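The values are calculated or read from the model by the stated rules, or taken from the named source; none is laboratory data. What you see is a predicted model; the values in this text were computed from it and never measured. Using ideal geometry, Cβ is built from the backbone for each residue, glycine included, and neighbour counts are taken over all protein chains shown. Surface accessibility is based on the protein's heavy atoms, side chains included, excluding ligands, DNA and RNA. Shrake-Rupley method; radii C 1.70, N 1.55, O 1.52, S 1.80 Å.
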Amino acid sequence: EEIRQYIKKKRYETNGLKCYFGDLHRHSYISKCMPEFDASPTEHMKYAMVTRGFDFYALTEHAYQTNSHEWKTLMDISDAFSCDESFITLYGLERTYEGHSNFYSSDREAAIYMYEVLCNTDNLKEAFDNSEKSGFLNRIMTIRHFHADQLPYEHFTDKDNHARYNEKFDYVIE
């Protein structure tokens with residue numbers, strides 16, 4: 001706890017705005033990216049909270065590699081590590097449509113919806129439309145990320161093609 005308080009004192013604040021540190025795109029061994037190097041979800045949370053002193057953290061496991069039991073366990077682990085304002089955990093999933101999309105929520109009901117519905121949609125437009133119709137518009141956020149070896153991704157900037165872009169969900173890009 002002493003180390004964490006020291007790290008917190010090093011935070012930047014300017015004109016009433018604070019800078020927070022964290023990571024919103026990590027995989028544990030559940031995603032099987034590099035299982036020999038990826039730690040367990042619990043080890044990830046400990047590392048983020050204690051070693052790095054992050055303010056926020058999200059595991060974004062690949063949806064197609066995460067079964068319902070693992071998803072419930074991930075939500076439970078996230079809940080167990082979230083500490084009011086000192087360490088915020090978000091529920092996160094990565095889904096591949098036209099490129100990769102990470103979906104996030106801070107509430108469990110929306111997280112269950114993300115897993116049960118968004119993981120089973122055929123395309124990004126359907127995911128956006130279903131989220132809006134179901135009342136989750138302000139409870140789920142999407143951050144898309146792209147791999148340099150799979151460029152070009154010009155379609156991301158095509159604001160007229162709502163099958164690929166939706167200003168209500170696409171706030172930022174990784």
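How large is Rg over Rh for segment 24-154, taking Rg from the Cα atoms and Rh as the Kirkwood inverse mean of 1/r across Cα pairs? Mind showing how you got there, number by number?
On the way: Rg = 14.6 Å, Rh = 15.2 Å.
On the Cα set of segment 24-154, Rg over Rh gives 0.96.
When only C-alpha pairs under 8 Å and at least 6 residues apart count, what is the relative contact order of segment 62-104, in percent? Present the calculation step by step, with values, prior to reporting the outcome.
Details: 31 pairs, mean separation 14.5, N = 43.
Rounded, it is 34 percent for segment 62-104.
A 30 angstrom limit on the alpha carbon distance is what I want to check against. Which of K18/K168; K46/K133; K18/K125; K32/K125 exceed it?
On the way: K18/K168 25 Å; K46/K133 37 Å; K18/K125 34 Å; K32/K125 27 Å.
K46/K133; K18/K125, as the Cα separations exceed 30 Å there.
To the nearest 10 square angstrom, what accessible area does Y91 show with a 1.4 Å probe?
Surface open to solvent at Y91 totals about 20 Å².
At 1.4 Å probe size, put R52, R144 in order of accessible surface, largest to smallest. Don't jump to the answer; show the numbers that get you there.
Numbers: R52 120, R144 0 Å².
If we order R52, R144 from most to least accessible, we get R52, R144.
Quick check: net charge around A111, other residues with Cβ under 14 Å of its Cβ, Lys/Arg +1 and Asp/Glu -1?
Working: positive: K72, R95, R108, R139; negative: E61, E70, D76, D79, E94, D107, E109, E116.
My count for the surroundings of A111 gives -4.
Note down the accessible area of F37, probe 1.4 Å, to the nearest 10 Å².
It works out to around 150 Å².
Once both labels are modelled 7 Å past Cα along the beta-carbon direction, what's the L137-Y20 spacing in nm?
It is 2.4 nm.
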